[in-house]
């Protein structure tokens, strides 16, 4: 087990709380501090592995308590091999956030990657309101031969937001077959089903998807590409204008009717990444179906991001990330939200277990068709303590 912690001074701009009138809560700038700590590790038996990672912290602002609060994330994983061919794995991931406007902000264990295309955290939500997430993933895999295997994965998920915003829960399930065509290349065919159930009377969506993937692993570079076709069926209620003749009889001009919408979209995901001794590089592009951001419901999300890190300088570490994404609503709210984010960090090793770090983050968010937009910075300066083999990292 490894423990770590940090204390930092912070400056945030672009903070936005949910309010029926956002005149006093949009793009707020505040100074404050953040205290953070956690633990990660693994216990192995002959056929079973148990892993744990937890990060928790408290952020406080000197001029406003409305944005202060606790952020935390817990993940527990259990895997077991029944024999050389049959394998089962289960994981539980839970989190609580009071700030959506960011890119993780260090709430990940050292060495853990953050992928906005697959991670359930509300990284592209619009408002900085308290959000709870829960995901349970269960996988059963069987190895037919050294080159061919099949697997099934599924479980529930939940993203709970304040009552004024849209929460979502549901299930996900997939089955796949993989075949290694060479020592370094693998082909995978899969069928995936997702069910999104939105809070209140917003409705639900069922997504069926067939995909084909190719993965390559070289000595220093990895690459994989997945293309898919998605069928999206959505149901719910919407407000409509009544015919004037009907409105004259019933006495009101609007009514509610059920809707059914059917969409077909191609989706994809591509990744290329390096593994050098003192540096890492990576680039990801994706187009996926996501369960919205608290305002929009089922959405088509398109984005790309790149990252780089370097540890070749004596006692110094550097990392940076740059990316952009777009949320396009497919039902009810049909507008879109565009996000741009960038960040970088430098660290200096004071002792083997103590590091000074400074970071700068930037993000811009624009909602098309409206006047709502936000952009802001986060600046942090502080000390991080990590006695383990893996140093604290930005992402």
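If I go through the stretch 243-264 residue by residue, how many of them are surrounded by 14 or more Cβ atoms within 10 Å (Cβ to Cβ), at pLDDT 75 or above and farther than 13 Å from residue 298 by Cβ?
0
Go through the stretch 143-166 and count every residue that is over 16 Å from residue 291 (Cβ atoms), surrounded by fewer than 16 Cβ atoms within 10 Å (Cβ to Cβ) and free of Cβ contacts under 8 Å to residues at least 60 places away in the same chain.
8
The values are calculated or read from the model by the stated rules, or taken from the named source; none is laboratory data. Source: prediction; values computed, not measured. Ideal geometry is used to build each Cβ from the backbone, glycine not excepted, and the neighbour counts take in all protein chains shown.
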